[in-house]
1. In Å, what Kirkwood hydrodynamic radius results for segment 2-168 from the alpha-carbon pair distances?
2. Please list, in chain and number order, the residues 5+ apart from Arg113 or on another chain whose amide H is under 5 Å from its amide H, with Hs placed from the backbone.
3. What percent do you get for the relative contact order of the chain when only Cα pairs under 8 Å and 6+ apart count?
4. What size of dipole, in debye to the nearest 20, comes out for segment 78-228 about its Cα centre when the only charges are +1 on Lys and Arg C-beta atoms and -1 on Asp and Glu C-beta atoms?
5. Over all Cα pairs of segment 136-232, how is the pair count split among 10 Å bins, expressed in % and running from 0 up to the last occupied bin?
6. Given Cβ point charges of +1 (Lys, Arg) and -1 (Asp, Glu) and nothing else, what value in debye, to the nearest 20, does the dipole of segment 196-248 about its Cα centre take?
7. Given a 10 angstrom Cα cut-off, can you work out which residue in Phe238, Phe35, Phe66 is the most mobile in a GNM of the chain?
8. Which of the residue pairs Lys61/Lys100; Lys61/Lys104; Lys80/Lys248; Lys124/Lys248; Lys63/Lys201; Lys92/Lys262 have a Cα-Cα distance greater than 29 Å in the structure shown?
Amino acid sequence: MAKALRQIKEKQSIADLFIVVLDARAPISTYNEEFDAISPQKPRLFIITKIDLADESKLEKIKNRFNDEKDMAILVNLNKNTFKKKIQSAAKKLLEPKMKKDLKNGLFKPRLRAIVVGVPNSGKSTLINLLSKSNSAKTGNQPGVTKGQQWVNTGDMQLLDTPGILWPKFEDELTGIKLAIIGSIKTDIIPQDELFNEGYKLLSKYYPQKLIKIGLKPTNDSNEIYSNLIKLCHDKRFIIKGNRPDLKKGMTWFKNHLRDLKGVTYD
Ligand SMILES: Nc1nc2c(ncn2[C@@H]2O[C@H](COP(=O)(O)OP(=O)(O)OP(=O)(O)O)[C@@H](O)[C@H]2O)c(=O)[nH]1
Ligand SMILES: [Mg+2]
């Protein structure tokens with residue numbers, strides 16, 4: 001992680017634009033404040049991905065939070081080709097001052113470079129593949145797919161794909177849980193019962209109806225959460241010998257359920 005951040009810092013001087021990729025399911029928790037200091041004068045394009053999985057009612061507010069005079073934020077579903085134009089025109093707008101400067105200096109085909117940064121699994125490589133014609137960046141629904149930096153030419157500009165970076169904030173327990181749920185950190189680094197307990201509380205707080213829908217009661221009380229785990233095991237027939245609930249199986253089921261939930265934004 002430290003190495004990946006250092007490598008970005010080394011390249012910052014040649015970047016004309018920073019593209020910061022955020023997950024719409026946890027846009028604040030996936031925002032790394034360490035990037036603020038890397039190159040404060042350069043424009044940033046915040047690409048808020050996975051809107052197809054996020055809470056629609058929160059999207060405009062999220063977008064406005066990252067929009068300011070110098071920076072711009074857009075909401076996208078990177079699995080849809082139709083968003084390509086929106087991304088291209090936002091990047092073009094932010095790069096306009098640089099292009100004008102190049103033209104003034106007699107450079108008719110400006111060399112534009114953007115560095116793409118973000119937490120693991122936020123969609124950086126998917127974005128690069130969407131903008132370039134090739135599928136040269138490796139993607140996958142797990143953290144840590146991109147291992148090293150790679151320049152990709154899109155015709156309009158050069159994009160630097162970078163490995164996902166986590167930052168100290170993720171050590172804050174709740175942020176860690178959110179990042180685990182959306183797949184930005186490996187779930188196996190968090191004890192299974194803790195992930196269940198905290199994930200349950202998170203869902204109780206933000207989307208109680210989604211718990212009720214699977215027959216569970218929203219609550220913040222760890223004892224009640226435990227009772228609901230037992231109920232879940234019985235409902236799903238996760239039973240081991242002695243007619244005891246298979247708690248591990250119940251927790252795994254819930255973890256996968258959280259990972260696949262749609263219409264959620266936990267910030
Ligand atoms: N539903 C949905 N899935 C997306 C979207 N954008 C990316 N994904 C998926 O998210 C997963 C991660 O995408 P990547 O592009 O590999 O993420 P990354 O940021 O490069 O990840 P690292 O290289 O591990 O840092 C893949 O399974 C993508 O298909 C989106 O807008 N909507
Ligand atoms: Mg990647």
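1. 16.0 Å
2. Asp16, Leu17, Gln158
3. Computed value for the chain: 20 percent relative contact order.
4. 1420 debye
5. 14, 34, 26, 15, 10, 2
6. It works out to roughly 200 debye.
7. Answer for the Gaussian network model of the chain: Phe238.
8. The answer is Lys61/Lys100; Lys61/Lys104; Lys80/Lys248; Lys124/Lys248; Lys92/Lys262.
No lab work stands behind these numbers, since they all come straight from the coordinates. Given the structure is predicted, the values throughout are model-derived calculations rather than measurements. Note: ideal-geometry Cβ built from the backbone for every residue, glycine included; neighbour counts use all protein chains shown.
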